[in-house]
Each structure stands twice: as structure tokens, then as C-alpha cells.
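In what follows, a structure is listed as C-alpha cells, so that the remarks can point back to it.
Just so it is clear, none of the values below were taken in a lab; they were calculated from the coordinates. Predicted model, so just to flag it, every value in this text is computed and none were measured.
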Amino acid sequence: MLSIVGQWPREVRRYAETHDITFPLLTDKEREVIRSYGVYHWLGLDAYNIARPATFVIDKDLIIRFMYIGSHQFDLPKHEEIVAALKGLQDSNN
């Protein structure tokens, strides 16, 4: 698992330490990756210059097998959907 965050490295490091996050967090302060995945959000009612909340499950061949892009900061996929996508990856590897 990997998370890409459109923030400054110092802020991301502090957040990860405070919340005991153990998986990799990559910073994308220039928003290049965020733009390439189509989740950049310049201006909205809830924020500006950020990424929409998004979840991608990408297989070992770099094919997107699951994608959810929220319409606002609190629009997130159901955990069951993510788990099902991950199980699908696991099953296809066996």
C-alpha cells in the first residue's frame, strides 16, 4: 500500500508520526501525480489546490483494477469495495 499526498514533506512526516502510519507516504507538492490521475481540484466549496479523495488499486502490471474518485473531501469508497478489489488482485495472482 502506498499513499500519495499533495502536501509539503514536513507536514506529511508530522502527520504520519502523529498517527503511527507505517506504509509509505509520497509527497507530491507540485501536484504532478495528482494531475496525471485526474484528481486535482483547484477550487471548490470545501478547499482549493488539493486532490479529490481518491483510491486506486493497481496491479503488478500497472493496470488500474479499481478506481474511486470522490466528488468532495468526505466522499470516500466503502471499505468493502476496496477489500473486494484487493482480494481480486490476490486471487488473480494465485
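So how tilted is helix 79-93 from the main axis of the chain? Cα-based, degrees 0 to 90, rounded to 10. Relative to the chain, helix 79-93 is tipped by roughly 50 degrees. Using the alpha-carbon atoms, what tilt in degrees (0 to 90, nearest 10) does helix 9-18 show relative to the longest principal axis of the chain? That works out to roughly 60 degrees. Using just its DSSP H runs of length 4 or more, each adding -39500 (n - 2.57), the chain gives a mean residue ellipticity at 222 nm of -9500 deg cm²/dmol after division by all residues.
Using only Cα atoms, what is the ratio of the radius of gyration of the chain to 2.2 N^0.38 Å?
Details: Rg = 14.3 Å, N = 94, 2.2 N^0.38 = 12.4 Å.
Working it through for the chain, the quotient is 1.16.
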